1. What are the residues in the stretch B:184-218 that are in contact (Cβ under 8 Å) with a residue 60 or more places away in the chain and either among the charged types (D, E, K, R) or farther than 30 Å from B:LEU151 by Cα (or both), if any?
2. Only one residue in B:VAL128, B:VAL99 is assigned to a helix (DSSP H, G or I) and crowded, with 20+ Cβ neighbours inside 10 Å, so which one is that?
3. Only one of B:GLU168, B:GLU176 is modelled with pLDDT under 95, under 28 Å from B:PHE11 (Cβ atoms) and of a type in the set (Asp, Glu); which?
4. May I ask you to list the residues in the stretch B:71-89 that are more than 7 Å from every other protein chain (Cβ to nearest Cβ), in a helix (DSSP H, G or I) and surrounded by 21 or more Cβ atoms within 10 Å (Cβ to Cβ)?
5. Filter the stretch B:111-124 down to the residues that are away from chain A (no Cβ under 14 Å) and exposed (fewer than 14 other Cβ atoms within 10 Å of the Cβ) and list them by number.
6. Which one of these is within 18 Å of A:LEU176 (Cα to Cα), of a type outside the set (Lys, Arg) and without any contact (Cβ under 8 Å) to a residue 24 or more places away in the chain: A:ILE23, A:ILE55, A:ILE18?
7. Can you report the number of residues in the stretch B:26-70 which are outside any helix (DSSP H, G or I), free of Cβ contacts under 8 Å to residues at least 60 places away in the same chain and within 13 Å of chain A (Cβ to nearest Cβ)?
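The values are calculated or read from the model by the stated rules, or taken from the named source; none is laboratory data. Given the structure is predicted, the values throughout are model-derived calculations rather than measurements. All Cβ positions, even for glycine, are placed from backbone atoms using ideal geometry, and neighbour counts span all protein chains on display.
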Amino acid sequence: MTLSAVRKEKSVSRMIVIVVLAILAALPLVLTKGWLSLVTEMLILALAAGGLNLILGYAGMVSFGPAGLYAVGAYATALILVYTSWPFGLAFIAGPFVAAGAAVLIGWFCVRLTQVYFALLTLAFAQIIHTIIFEWYDFTKGDNGIVDIPLPELLKPIPHYYYFSLIVVALCLGLLWMIVRSPFGKTLQAMRENAQRAESVGIPVRRYQLAAFVISGFFLGVAGSLFCGFNKNVFPNYAHWIKSTEMLVVCLLGGIYNFFGPLVGSVVYLFLDKVITGYTQYWPLVLGLIIIVLLLFLRGGIAGFIAERWAQRRGSREEAS
Amino acid sequence: MFRVENLKKSFGGLMAVNEVTFTMTKGEISSIIGPNGAGKTTLFNLLTGHLKPDSGTVYFKDLEITGLAPSRICRAGIGRSFQKTNIFPRLTVFDNIQVALMSWRKNTRNIFQNADRFFQNEADEILVSLGLGGKKNRIAGLLAHGDQRLLEIGLTLGTYPELILLDEPTAGMSPEESRNTMELIQRIVRARKLTLLFIEHDMNIVFGISEKVRVMHVGSIIAEGSPQEIRANNQVQKIYLAEEM
């Protein structure tokens, strides 16, 4: 590819991002509150899946327990708001940091294992978090959850919280974009491709896996905190493996080898969820079929598929010229 | 500069590497030969930290490096390549080399800048010296086998080692490709003033470029000397004759 072609592609993708942001910013003017809530949910799930994909797609670490850290973020914010008089901003920021702290602890054990053992250990830790939340009734209110979490007046209207989420998610995805393109991000991809070789060119693989796990945990925590404010209630099932599976499916649906995969996955997943549950109660059946089709025919996910077609078209055009 | 003393490793009851002792001087080009299962690759794995020895010591530039993690040994200045092609298959050829350079220059913790701008010229220089300059934007895993082997050597060079250990660098190549590759390696080793230890099966190559040949048999080094000495060694002839029969 020539330099001018690279520049052109860069400016095209920048245009796409600006257009998408402009459309998102204008949505409250045209959408009903119900649909706006759905888009808010899509944004938050996109951030959670994007955080997960840092380790899943870029570092090649398959975690079955992302919801554990997501719940830690959500509960940290919720508990601070209920038990202390901290302002919302502080409670909101605390969520991701508590999640990152938990990720240090959990990750320290998990990166000692690889592949299926790593996956199972992350699942085990997430279920431990779920159990703690479920059983520690005096502190977390157990399966009743924490309800009616106080929000500042400014954030109570749905369009306001939508804008708040949009800004936070855009900022976080911007940060993630920077990270995956940095030398650190490239190092993660090299580790995914061949951990032994990475170690042999001087990269202490486990330490980098831990760093990636903690950064991923931080963004899962942001998503959890955002959802806590969105829903104004938090429940133990935020940490449940079903929630983890949902995040994994979103990544796979969109494509794990494409930065925008989780974003696309989140939009499609929640849209289908909403539309299909309107017609039938068999949403899990449809979801199962979707997963089968994905794994058999569309391994790169939706975004991966589009990117591939795009590259093919560009390739044939370059050949023609 | 490189000293190995009484290195031992057994797997269960099998003594894979037994009391191996040898030294290498700076700039030396030497090889290890021996029948399949002699313990050559196991020895390499002990030297580069992929396996921990049961006993014995390894010194590199008077520093003990026995049993350190592979990444630490790489940082100390020892690079290696593997018998089975070991690259980053889904990254581009350029990215492969760049990762090695970023690692060596301690740039891999940088999360704030775009990686594209780093070490372009250095990576290009390595790729050109291997004849891969025109293929830098190709996906590494889709290269022809011979080119993948060269890229692997490029990865080894990317960390600026002083000593390189190459495990059958020409495995799977045609005789002509093998010869060209070994000439290329020899040229690079001389130009960069490196020390080279390699495992090889092709005797023409071994005797062609080694200053010293070490013969391994059931875990031990049974002979060590110049190519002429090794060729004339009775015990070595016996082992290789026995294998051919």
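1. Within the stretch B:184-218, B:LYS193, B:GLU200, B:GLU211, B:LYS212, B:ARG214, B:HIS217, B:VAL218 meet the criteria.
2. On the way: B:VAL128 fails: crowded, with 20+ Cβ neighbours inside 10 Å.
Unique residue meeting the criteria: B:VAL99.
3. On the way: B:GLU176 fails: under 28 Å from B:PHE11 (Cβ atoms).
Selected residue: B:GLU168, the only one of B:GLU168, B:GLU176 that is modelled with pLDDT under 95, under 28 Å from B:PHE11 (Cβ atoms) and of a type in the set (Asp, Glu).
4. So the first thing to find is which residues in the stretch B:71-89 are more than 7 Å from every other protein chain (Cβ to nearest Cβ), and the list is B:72-73, B:76-79, B:81-85.
Still in the running and in a helix (DSSP H, G or I): B:72-73, B:76.
Hit for the stretch B:71-89 is B:ILE73, nothing else.
5. The answer is B:ASN121, and nothing else.
6. Values: A:ILE23 fails: within 18 Å of A:LEU176 (Cα to Cα); A:ILE55 fails: without any contact (Cβ under 8 Å) to a residue 24 or more places away in the chain.
Answer to the selection: A:ILE18.
7. Residues that pass the stated criteria total 5.
Conditions (1) at pLDDT below 90; (2) touching a Phe, Trp or Tyr at 6+ places or on another chain (Cβ under 9 Å); (3) not polar (S, T, N, Q), marked per residue:
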{"residue": "A:GLU246", "(1), (2), (3)": "no, yes, yes"}
{"residue": "A:GLY278", "(1), (2), (3)": "yes, no, yes"}
{"residue": "A:TRP283", "(1), (2), (3)": "yes, no, yes"}
{"residue": "A:GLY300", "(1), (2), (3)": "yes, yes, yes"}
